[in-house]
Protein chains: 2
Amino acid sequence: MKTIRDMRSLRLLASIALPLALAATGAAAQEKPKGHGDDPAAAYSPSMTTLGELNVEVPGRKPEDPVITPEEFQDANTLYFERCAGCHGVLRKGATGKALTPDITRENGYEYLRDFITYGSPAGMPNWGTSGDLSDEQIDVMARYLLIEPPAPPEFGMPEMLKTWKVLVAPADRPTEKMNDIDIDNLFSVTLRDTGQVALIDGATYEIHTVIDTGYAVHISRISASGRYLYVIGRDAKVNMIDLWMETPATVAEIKIGAEARSVETSKMEGWEDKYAIAGAYWPPQYVIMDGDTLEPKKIVSTRGMIYDSQEYHPEPRVAAIVASHFRPEFIVNVKETGKILLVDYSDIENLKVTEIEAERFLHDGGFDSTKRYFLTAANARGKVAVIDTKEGELTALLETGGETPHPGRGANLNHPVYGPVWATSHLGDETIALIGTDPEGHPDNAWKVVQQLEGLGGGSLFVKSHPTSNHLYVDAPLNPDAEVTASIAVFKVDELDKEEPEYTVLPIVEWAGIAEGQPRVVQGEFNQAGDEIWFSVWNAKDLVSAIVIVDDKTLELKHVIKDERLVTPTGKFNVFNTRQDVY
Amino acid sequence: MKTIRDMRSLRLLASIALPLALAATGAAAQEKPKGHGDDPAAAYSPSMTTLGELNVEVPGRKPEDPVITPEEFQDANTLYFERCAGCHGVLRKGATGKALTPDITRENGYEYLRDFITYGSPAGMPNWGTSGDLSDEQIDVMARYLLIEPPAPPEFGMPEMLKTWKVLVAPADRPTEKMNDIDIDNLFSVTLRDTGQVALIDGATYEIHTVIDTGYAVHISRISASGRYLYVIGRDAKVNMIDLWMETPATVAEIKIGAEARSVETSKMEGWEDKYAIAGAYWPPQYVIMDGDTLEPKKIVSTRGMIYDSQEYHPEPRVAAIVASHFRPEFIVNVKETGKILLVDYSDIENLKVTEIEAERFLHDGGFDSTKRYFLTAANARGKVAVIDTKEGELTALLETGGETPHPGRGANLNHPVYGPVWATSHLGDETIALIGTDPEGHPDNAWKVVQQLEGLGGGSLFVKSHPTSNHLYVDAPLNPDAEVTASIAVFKVDELDKEEPEYTVLPIVEWAGIAEGQPRVVQGEFNQAGDEIWFSVWNAKDLVSAIVIVDDKTLELKHVIKDERLVTPTGKFNVFNTRQDVY
């Protein structure tokens, strides 16, 4: 029996650690920072006076500063980066978590901070103390650390990137044809979170072809347009470029593009296949366009700037999801805190053209509709989805999903029996799944509206999945507090969505995996190339057995379980064909 | 007889104060910050370690921090902003002046700083102490202030701008037709620097129609495409919008767009006349697009980002000159420290499209060629001119002028007897005038090359001027150390530029003005609409008599002297027609 506190702990672990989940629960996002209205961003609104009037703060230690030694400060800073920055931001301006700038923390005081860190809150703050994750000493130092101004973390520009850039196999030394028998289009790149690796698993034989060292907790895998190169990015901002043509696929180039990152993508426009890669960083807030063959960094662009609506300066607008347009030579870059979607034209990077679309704050993840023309992306803490027309380069719609904290991953495209083409997202904050009409020509009345709300297993969902050939919509709930829920997948039949209250089938994935130890979470369905199987990760603790469970899409029966000692903490899985073709 | 020190003082006054001159001498710009190679920007290159390795500085007072009281700090901060920031930057990263970050100042030490501030240097640092500008006490505080970290000055976003925005006469309450008999197209808007005003002076009668309160030391005047509205911007970032149709022209709207600024412009593309205004700030580093009728701020864009070549982050990339394209709905924005020229498409400001052209660091001022297609702009501390094709939206050329620290103002277009259409710039750092070919179709061999170098009166020139109907090129030298030089103007005959060493005529402007007191400087020739007269400011100290001297362009004889008790410290003059049509 799990207590509420345990659940929170699990949720927390997921929220800062799950490589596929960038955010904590909706509840956390809804919480108001004390004394700062309804918007985390408001917490750092400058109280401006002109320089002429010169009401600036004197730097240096202030009388109310707590005592902290340089060593304690460094320790706390490390801890903050590892455990807290994901939700609260490196500069502590708040995003998914509360703002923690000294104006706020000092109002709360040392004891409040210490106890909050120790016991957590029902709104999503984990119980770091009672969970045993942090010692009393660590919590004491952290509470003191939070009372003083956050240090400005170092920049990471071209000189720093170049120091980390390695071409392990130069393009001229790479094979000129595929040197292996792997069916690359049906290969799966699987994140092994805690070991900092990806496993390349055969989609037909379920064999692990190879395991490749990468950055820590690889967030996503992307495939070059040709299908040859696999790009992965770790939470530590390390990018690996893997050549799938080699006898044994291996890293041919690598680079670090910052201190913390989430996104990588490659150019997909006709004529630009494999030409560029792009990666987006959380810190420093920037993206970098790289040579698609070598990862040579070509152009770094800072995302620091104004929040789209309040037009106040934000010092840490993090780069969330990036996708590549199929209609223009453009990358589409979500900038989280400022709520801007950037169309980055890569056709002339020395004269870089960027269109900055005002969308909504807290942009996160998203995907294309079935035509790949429209990019639907969640502004998670605002409960909204923004729709970008990638052909015209403009905001088509901004709609509420009706649920709390939408988390689409890339979403799922269905052909609805009543409403025609729809795109689905589940939610972190509740059990709803929103179906949004995506066919402005065939079904204009339904376009960019929530046409139907389904109810899944419960809140804490991260991913929905379907396939053009499938009649099913799969919904996970790995962050739900109920262990039975996290162990299962809900499946809706697409052709029965015309019913008033569509019912779902429950797949007991953990049971099928035959794993009794721990509380493994089932996360992220991913189809094979043919669309007749769907793979789920059964993600257990690092020292326990994990698995991948493969389900027959037609019969919804268990087809296979992959267990292997190398399969440690599997999370995200990326089928080469579906990923490069944006099929989901 | 002036001493060298006096000259430096004058130069300094000009360099931080002259509204038409953004920079100090070339010598200053060439000086190397101690221990930092040949590039001021290198002074703040971050010594990066990853956040994971966490080698960040502990904030708070350090043992080596000098003692300074909060009151002293505020005083020094005010003084720094007023006297030092123009050259050294608000964040002290250096630009025209040296970098003054604590890593450098502490290496030099207190005594060095104190003496340097007191006595100045031949390289362009003024002798603040011996000139009497600063007291020993002020210098003492400043030297201590420079030893500690610069404070982060406050931001100035939309909430702050809106607080300063006033519509004094709403568009509906303004006249529907011109209510006065002023020949607007031949009106001159004249900056009265030290009183924070502009005088509107009739181009035919030389009468002062009115004097209007504005921001301090108005840097430029710009005219809306229709010719109705006059926009001026003070060094204090205050923008006034003046309606020239009113019986007595007056301010109808005003706003402050930051703490320090230099540039304002209005939309000139066909179909967009009078629709938008734009202003660029030095601090915060940003520009703002405003409603052309009311100055309502619509869109603020931060310029913080990467330096074009080193791709290191710069926290203070200041906005220098802005011009409006005649070929596209675009503003062309010079970003000084990062060396980028932005093409800001104003046709859809909610989906703002910006093309960022990599040009050269320390972009400053510039103007169009005679066809208005090409924008030539100086990268002053690099001795270069960048040429932007505003029709194609790309960098056409980047060339060395052959002189030190080009300062074109808007430059001057001449029809050269040998080389065809050329554009001229003089230099702050030496006596040369560079003529650059601007006719890639008619004279392809000469295009974007220095085809001829002239020698003027001496270094310290700020402005050259000509007119399509004129056979003359006028060159000032107000920052020259020689009082006789600053009192004069050199005139070249365009049709004699085919001679081997073209000679110039000297116009004794100050003598013609009949001013004996002080050391007035002659600055910035400006033609009337017809192009048959050129006006020069005779800029004297605030408590002494200044004047405007008008010269007959055909005969080079004195035509008129405007003296008026209201004409205090006149500097820049902007003829309405020539300014709105970009005729120069």
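The values are calculated or read from the model by the stated rules, or taken from the named source; none is laboratory data. What you see is a predicted model, and the numbers here were worked out from it, not measured in a lab. Positions of Cβ are generated from backbone atoms using ideal geometry, with glycine treated the same way; all protein chains shown enter the neighbour counts. These accessible areas exclude ligands, DNA and RNA; they are computed on the full protein's heavy atoms, side chains included. Shrake-Rupley method; radii C 1.70, N 1.55, O 1.52, S 1.80 Å.
Would a scan of region A:440-449 turn up a residue that is without any contact (Cβ under 8 Å) to a residue 60 or more places away in the chain and buried (at least 24 other Cβ atoms within 10 Å of the Cβ)?
no
Suppose we filter region A:457-471 for residues that are at negative phi, surrounded by 24 or more Cβ atoms within 10 Å (Cβ to Cβ) and not polar (S, T, N, Q); how many remain?
Of the residues in region A:457-471, 6 are at negative phi, surrounded by 24 or more Cβ atoms within 10 Å (Cβ to Cβ) and not polar (S, T, N, Q).
Please work out which residue is nearest to B:Arg92 (Cα to Cα), limiting yourself to region B:259-287 and to residues that are within 9 Å of chain A (Cβ to nearest Cβ) and out of contact with any Phe, Trp or Tyr (no Cβ under 6 Å at 6 or more places or on another chain).
Looking at the filtered set, the residue picked out is B:Trp283.
So which residues in region A:482-502 are under 29 Å from the mean Cα position of the chain (by Cα), among the charged types (D, E, K, R) and outside any helix (DSSP H, G or I), if there are any at all?
Matches in region A:482-502: A:Asp482, A:Lys493.
Using the structure shown, decide if B:Val344 is assigned to a strand (DSSP E or B) and closer than 20 Å to A:Gln286 by Cβ.
No, not satisfied.
Restricting attention to region B:472-498, which residues are at pLDDT below 95 and either in contact with a Gly (Cβ under 9 Å, 6 or more places away or on another chain) or open to solvent by 70 Å² or more (accessible area, probe 1.4 Å) (or both)?
Residues satisfying the conditions are B:Ala477, B:Pro478, B:Leu479, B:Asn480, B:Pro481, B:Asp482, B:Glu484, B:Val485, B:Thr486.
When you go through (1) buried (at least 24 other Cβ atoms within 10 Å of the Cβ); (2) away from chain A (no Cβ under 14 Å); (3) not small (Gly, Ala, Ser) one by one for B:Lys340, which number turns out not to apply?
Single failed check for B:Lys340: (2).
What residue, among those in region B:149-167 that are more than 8 Å from chain A (Cβ to nearest Cβ) and in contact with an Asp or Glu (Cβ under 7 Å, 6 or more places away or on another chain), is farthest from B:Thr101 (Cα to Cα)?
My answer is B:Lys166.
Here are the criteria: (1) under 23 Å from A:Tyr282 (Cβ atoms); (2) open to solvent by less than 10 Å² (accessible area, probe 1.4 Å). Tell me which single one A:Leu244 does not satisfy.
Answer for A:Leu244: the failing condition is (1).
I need a count of the residues in region A:100-137 that are over 28 Å from A:Glu404 (Cβ atoms), crowded, with 18+ Cβ neighbours inside 10 Å and not basic (Lys, Arg).
Counting residues in region A:100-137 that are over 28 Å from A:Glu404 (Cβ atoms), crowded, with 18+ Cβ neighbours inside 10 Å and not basic (Lys, Arg) gives 1.
Can you tell me which residue is nearest to B:Leu352 (Cα to Cα) among those in region A:358-374 that are surrounded by fewer than 24 Cβ atoms within 10 Å (Cβ to Cβ) and within 14 Å of chain B (Cβ to nearest Cβ)?
A:Glu358
What pairs come up if the first residue lies in region B:239-257 and is within 14 Å of chain A (Cβ to nearest Cβ), the second is assigned to a loop (DSSP other than H, G, I, E, B) and open to solvent by 10 Å² or more (accessible area, probe 1.4 Å), and their beta carbons are under 6 Å apart, counting only those six or more places apart or on different chains?
From residues that are within 14 Å of chain A (Cβ to nearest Cβ), the pairs are B:Ile255/B:Trp165.
Yes/no per residue for (1) under 30 Å from A:Asp274 (Cβ atoms); (2) β-branched (Val, Ile, Thr); (3) in contact with a strand residue (DSSP E or B) (Cβ under 9 Å, 6 or more places away or on another chain); (4) free of Cβ contacts under 8 Å to residues at least 40 places away in the same chain:
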{"position": "A:Val522", "(1), (2), (3), (4)": "no, yes, yes, no"}
{"position": "A:Asn528", "(1), (2), (3), (4)": "yes, no, yes, no"}
{"position": "A:Trp535", "(1), (2), (3), (4)": "yes, no, yes, no"}
{"position": "A:Val549", "(1), (2), (3), (4)": "no, yes, yes, no"}
{"position": "A:Asp564", "(1), (2), (3), (4)": "no, no, yes, no"}
{"position": "A:Phe574", "(1), (2), (3), (4)": "yes, no, yes, no"}
{"position": "A:Val583", "(1), (2), (3), (4)": "yes, yes, yes, no"}
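Condition test on B:Asp309, is it within 14 Å of chain A (Cβ to nearest Cβ) and surrounded by fewer than 22 Cβ atoms within 10 Å (Cβ to Cβ)?
yes
Which condition breaks for B:Ala217 when tested against (1) open to solvent by 30 Å² or more (accessible area, probe 1.4 Å); (2) within 14 Å of chain A (Cβ to nearest Cβ); (3) over 22 Å from B:Asp345 (Cα atoms)?
(1)
Take the residues in region A:81-99 that are in a helix (DSSP H, G or I) and either open to solvent by 20 Å² or more (accessible area, probe 1.4 Å) or within 13 Å of chain B (Cβ to nearest Cβ) (or both), then tell me which one is nearest to A:Pro153 (Cα to Cα).
Filtering first and then ranking leaves A:Phe81.
Against the conditions (1) assigned to a strand (DSSP E or B); (2) aromatic (Phe, Trp, Tyr); (3) more than 21 Å from the chain's Cα centre (by Cα), where does B:Phe331 fall short? Just the number, please.
Every condition holds for B:Phe331 apart from (3).
Touching a residue at least 12 places away in the same chain (Cβ under 8 Å) and open to solvent by 10 Å² or more (accessible area, probe 1.4 Å), is that true of A:Val232?
For A:Val232, the condition - touching a residue at least 12 places away in the same chain (Cβ under 8 Å) and open to solvent by 10 Å² or more (accessible area, probe 1.4 Å) - is not met.
Among the residues of region A:180-196, what is the count of those that are surrounded by fewer than 24 Cβ atoms within 10 Å (Cβ to Cβ) and either under 24 Å from the mean Cα position of the chain (by Cα) or under 26 Å from A:Trp165 (Cα atoms) (or both)?
5
Name the one entry in B:Val561, B:Val545 that is closer than 23 Å to B:Ile182 by Cβ and open to solvent by 20 Å² or more (accessible area, probe 1.4 Å).
Of B:Val561, B:Val545, the one residue that is closer than 23 Å to B:Ile182 by Cβ and open to solvent by 20 Å² or more (accessible area, probe 1.4 Å) is B:Val561.
Among the residues in region A:319-338, are any in contact with an Asp or Glu (Cβ under 8 Å, 6 or more places away or on another chain) and on the phi > 0 side of the Ramachandran plot?
No: region A:319-338 contains no residue that is in contact with an Asp or Glu (Cβ under 8 Å, 6 or more places away or on another chain) and on the phi > 0 side of the Ramachandran plot.
What's the number of the only condition in (1) modelled with pLDDT of 95 or more; (2) surrounded by fewer than 19 Cβ atoms within 10 Å (Cβ to Cβ); (3) closer than 25 Å to A:Gln286 by Cα that A:Lys384 fails to meet?
(2)
Please go through (1) open to solvent by 30 Å² or more (accessible area, probe 1.4 Å); (2) more than 12 Å from chain A (Cβ to nearest Cβ); (3) not charged (D, E, K, R) for B:Thr78 and return the number of the only condition it doesn't satisfy.
Here B:Thr78 clears every test but (2).
Counting just the residues of region B:247-257 that are part of a loop (DSSP other than H, G, I, E, B) and not hydrophobic (A, V, I, L, M, F, W, C), which one comes out most open to solvent (accessible area, probe 1.4 Å)?
Taking the candidates together, the pick is B:Glu247.
Is it the case, given these coordinates, that B:Ile208 is open to solvent by less than 30 Å² (accessible area, probe 1.4 Å), aliphatic (A, V, I, L, M), under 21 Å from B:Ala281 (Cβ atoms) and more than 14 Å from every other protein chain (Cβ to nearest Cβ)?
Against the criterion (open to solvent by less than 30 Å² (accessible area, probe 1.4 Å), aliphatic (A, V, I, L, M), under 21 Å from B:Ala281 (Cβ atoms) and more than 14 Å from every other protein chain (Cβ to nearest Cβ)), B:Ile208 does not qualify.
Does region B:296-303 include one or more residues that are farther than 23 Å from B:Ile255 by Cα and either within 13 Å of chain A (Cβ to nearest Cβ) or touching a Gly at 6+ places or on another chain (Cβ under 9 Å) (or both)?
No, there is no match, as no residue in region B:296-303 is farther than 23 Å from B:Ile255 by Cα and either within 13 Å of chain A (Cβ to nearest Cβ) or touching a Gly at 6+ places or on another chain (Cβ under 9 Å) (or both).
Within region B:564-584, how many residues are open to solvent by 40 Å² or more (accessible area, probe 1.4 Å), in a loop (DSSP other than H, G, I, E, B) and not polar (S, T, N, Q)?
3
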